[in-house]
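Computed from the coordinates by the stated procedures, all read-outs in this text should not be read as laboratory data. Everything quoted here is computed from the prediction, not taken from an experiment. Heads up, the Cβs are rebuilt from the backbone with ideal geometry, glycines too, and the neighbour counts pull from every protein chain shown.
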Amino acid sequence: MNIFVAEFVGTSLLLAMGSGVVANVVLNGTKGNNSGWIVITTAWALGVFIGVVVAGPYSGAHLNPAVSVGLAIAGDFEWAMVPKYVSAQILGAMFGSGMAWLVYKDHFAITQDPGLKFAPFATTPAIRNLPSNLISEAVGTSVLIIVILYSTPAVIEDGTGTPIGLGSLGALPVAFLVWVIGLSLGGTTGYAINPARDLGPRIMHQILPIKGKGSSDWAYSWVPILGPLLGAAFAAGIYLLLGAGNLV
């Protein structure tokens, strides 16, 4: 699996789980209807886990343009590779959200509220105040990126000091990271913290034949794109200012 395919598949899995859990919680007649925020944040975190498990060995599993840009600013990733990663991430997000729509198609049909039909695809703020919404996205993403930059591979050693990889368990830290960001900082905007996660599904909401779907809210769409990129740049700047790899 080459890096483009890895980022595409990993992001597809992330969005299939993420869009799927929102659909399960908000759409009418589902088994998980009204099960709440903890269900949504948990499934998004575990969606990150499975995306990283699949894509990690091949592409490093960025699954997020803010991660690719943040790593590039920090000098840990080639700028020339960013467009390839970002395009795969956006296309993967489109495909994954499309899969979720297909699974819940009957429930979209019996749900009357256009806002609920939109929720599985893209984010909306709880209180629409664009400067504050932008700050929320930037702060949440800066936490994501600074922790990723300071993370070290999950490795244990045997009795002789030989490293033993934890395999798929190495994806757990980023899953817990996304989980806590959602629980702690996600209540204002729905914590996109990922331009592809919002833009790709928003495009799908626009083009899919969903009866009574309402607006795709393009007037807000720049916030979950610019906010995460600003947050990534800020985190990478702090990382470089403090000395890459050092806290003092």
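Which order results if Lys213, Lys117, Lys105 are arranged by neighbouring Cβ count within 10 Å, fewest first?
Working: Lys213 17, Lys117 24, Lys105 13.
Ascending number of Cβ neighbours within 10 Å: Lys105, Lys213, Lys117.
On a 0 to 90 degree scale, rounded to 10, what angle separates helix 223-242 from the longest Cα axis of the chain?
10
Identify which of Ala192, Ala55, Ala219 has the largest mean-square fluctuation in a Gaussian network model of the chain, with springs joining Cα atoms closer than 10 Å.
Maximum fluctuation in the GNM of the chain, among the listed residues, is at Ala219.
Around Lys105, what is the net charge, scoring Lys/Arg as +1 and Asp/Glu as -1 over all other residues with Cβ under 15 Å from its Cβ?
+2
Working from Cα positions, state the angle (0 to 90°, nearest 10) between the long axis of helix 195-207 and the longest principal axis of the chain.
20
Once the mean 1/r over all distinct Cα pairs of the chain is inverted, what Kirkwood radius in angstroms do you read off?
Details: mean 1/r = 0.0549 Å⁻¹.
About 18.2 Å, per the Kirkwood formula over Cα pairs.
Given Thr141, Leu130, Gly231, which one lies farthest toward the positive end of the charge dipole of the chain, if we put +1 on the Cβ of every Lys and Arg and -1 on the Cβ of every Asp and Glu?
The Cα lying farthest towards the positive end belongs to Leu130.
Can you flag which of Lys84/Lys213; Lys31/Lys105; Lys31/Lys213 are past 25 Å Cα-Cα?
Lys84/Lys213
Using +1 on the beta carbon of Lys and Arg, -1 on that of Asp and Glu, and nothing else charged, what's the dipole of the chain about the Cα centre, debye to 20? The partial results should precede the final answer.
Working: 9 positive and 10 negative charges, 153 e Å.
Roughly 740 debye, rounded to the nearest 20.
Tell me the angle of helix 82-103 to the major Cα principal axis of the chain, expressed in degrees between 0 and 90 and rounded to the nearest ten.
Approximately 40 degrees, to the nearest 10.
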